[in-house]
1. So for region 77-92 (the condition being among the charged types (D, E, K, R), surrounded by fewer than 17 Cβ atoms within 10 Å (Cβ to Cβ) and within 13 Å of ILE163 (Cα to Cα)), does at least one residue qualify?
2. Return the residues of region 575-620 that are modelled with pLDDT of 80 or more and charged (D, E, K, R); say none if nothing qualifies.
3. Can you tell me which residue among LEU452, LEU426 is open to solvent by 10 Å² or more (accessible area, probe 1.4 Å), outside any loop (DSSP other than H, G, I, E, B) and of a type outside the set (D, E, K, R)?
4. Mind checking which residues of region 268-285 are at pLDDT 95 or above and of a type in the set (Gly, Ala, Ser)?
5. Name the residues in region 378-400 that are under 28 Å from PHE459 (Cβ atoms), open to solvent by less than 10 Å² (accessible area, probe 1.4 Å) and hydrophobic (A, V, I, L, M, F, W, C), would you?
6. Scan region 329-338 residue by residue and report those that are at pLDDT below 95 and touching a Leu at 6+ places or on another chain (Cβ under 7 Å).
7. Being touching a His at 6+ places or on another chain (Cβ under 7 Å) and β-branched (Val, Ile, Thr) narrows it down to one residue among VAL187, VAL168, VAL197, VAL179; which is it?
8. Which of the residues spanning region 541-573 are touching a Pro at 6+ places or on another chain (Cβ under 9 Å) and either in a strand (DSSP E or B) or without any contact (Cβ under 8 Å) to a residue 60 or more places away in the chain (or both)?
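The values are calculated or read from the model by the stated rules, or taken from the named source; none is laboratory data. From a predicted model like this one, the values you see are computed outputs, not experimental measurements. All Cβ positions, even for glycine, are placed from backbone atoms using ideal geometry, and neighbour counts span all protein chains on display. SASA here: full protein model, heavy atoms, side chains in, ligands and nucleic acids out. Shrake-Rupley method; radii C 1.70, N 1.55, O 1.52, S 1.80 Å.
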Amino acid sequence: RMQSSRSKPCSCPSLKLREVASMYFTLVAVFLVILVVALQGSVPRQSDFPYKVPLDPQGLLELSWNVSYPEQAVHFQLLIRELHFGLLFGMSDRGEFENADLAVLWSDGHNSYFGDAWSDAKGQLHMDSQQDYQLLGARRAPEGLYLLFRRAFSTCDPKDYLIEDGTVHLIYGILEKPVRSLQAINVSALHGGLQRVQLLKPNISIPELPRDMQTMEITAPDVVIPSQETTYWCYMAELPEGFPKHHIIMYEPVVTAGNEALVHHMEVFQCAADFDSFPRYNGPCDSKMKPERLNYCRHVLAAWAMGAQAFYYPEEAGLAFGGPGSSRYLRLEIHYHNPLVFKGRRDSSGIRLYYTATLRPYDAGIMELGLVYTPVMAIPPGEDNFILTGYCTDKCTQLALPSAGIRIFASQLHTHLAGRKVVTVLTRDGRERQIVNADSHYSPHFQEIRMLKEVVAVFPGDELITTCTYNTEDRSRATVGGFGILEEMCVNYVHYYPQTQLELCKSAVDPGYLHRYFNLVNRFNDEEVCMCPQVSVPQQFYSIPWNTFNRDVLKSLYGFAPISVHCNKSSAVRFPGEWEKQPLPSITERLREPSPHCPPSPGAQPAAPIPLHLGQLRRD
């Protein structure tokens, strides 16, 4: 990218201030006329924005967008229902207002302006020398002000955010007072927040739906949303007696009108078939009144998160439910996010399943990839970028997959609170072939089943390698693997067809090698630390003094030590074979990092705001 040149001293003849100002405003006027003419045909219509999400808890800001893969750009439509003196909208690594890439609308009380800006590490705003948020239009309507603008995925501007697959942290801030200039905006004093979305939705053609399709709604029974910031609500539902086998072919959210900003995500789980019955329950998932047996309802049938659309199965496969060997009992779980602590808000949200009795050629399956839930995989405290990797080995796929292979069409990534990035790569003959799913801005607070842009074919002898990156800078002791929210996981639930017996293909470091690590740490440690076998693995990790040596040796151990492979059938029984002390897969060729696609520069756009005529803005 050509860097925009900074102002340099020049020996120009001096011009009178009035002449300079006149020239500048003439140039801006000419530029605006050119901009309007150039964009006349490219302003998307209102119906052209298929994706929509409320930005703030009150729903005063509503973002709609579309994705153009041919143009490698996103078109945004922002509805501002109550405009004060402007607004910041943008993207940052994890939703911070520092080091953010921003589109800013502001008013000095008389005139309004729009510009592309960035914030530095202290939150100070600067006009970007390369204006990449391109304003397409602004219009008033009875419901508020619509701002339309466009942004390329990649701009090759070091101050800009690279829009890529996976989670994007959108940020917003409302200007409640006039400001004399962009630089005068105090980010720390703004009323603002963040919203997570998947901006780059896959461009998938919708399969034709069968005529005998039926629907079933699994919804909350008019519950009162608790007046607290975070609630996980559980509700038990059941299928009719003798419900035969069907295929789920699609599902979509059912969100109670007015609660769009409160319903954060929802999941429907099927219960284990081992139990004849499950107790009825309707209440918070963490309540002491919740029956213990509900913990056996873990098989995901559907998952939705804010901003997601309907989920479609490929036309040759469906997710089986009902019939013999399948539980009649379902658990709906809804995450309510209520930061403004609204009281008495009633809700009947849930998920609508579309299903058919005409079974498709294949049952879809769900397979777990990544790390086994075990404390032998641990992250030291104070780490900003610690990596753990789980392996589904060639030996397991060779044994468990059909000769024609399987097709992965969707994926749900999962870690607990320290997770920052997750990626699964398909390797064949020691060479990385394809990314199955990757999220470089992963958030444990935003987990959805994502349809893949392209189906991934996996054959016997292939390997699926899942790598998670963690941040434990806010922790004072080691974080071990496990089920607790302060323990960690590294999982990719892949949705595929045809269903096989292989339900779990994961790994963990060999426990014998970990024991040698504890012995080594003890030998080099001044204080006596009990590394005796009778002390649990978590306790041994908690007692380690985390100096550079102990951290580096643990990283090295995870990078070379043999692994214990879990190549499991649905019944949690391993396939026959030798699975302990297996060598790590060796990778001889890595995938190349994609080089950013830099759009042709539309000519030198002035690093100056665009004046907008919005009339008198609101004063409270």
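1. No, that holds for no residue.
2. Once the filter is applied, which keeps residues that are modelled with pLDDT of 80 or more and charged (D, E, K, R), region 575-620 yields GLU578, GLU580, LYS581, GLU589, ARG590, ARG592, GLU593.
3. The conditions single out LEU452.
4. GLY283
5. LEU388, CYS392, CYS396, listed by residue number.
6. Result: TYR336, HIS337, ASN338.
7. VAL168
8. Scanning region 541-573 gives PRO562, ILE563, SER564.
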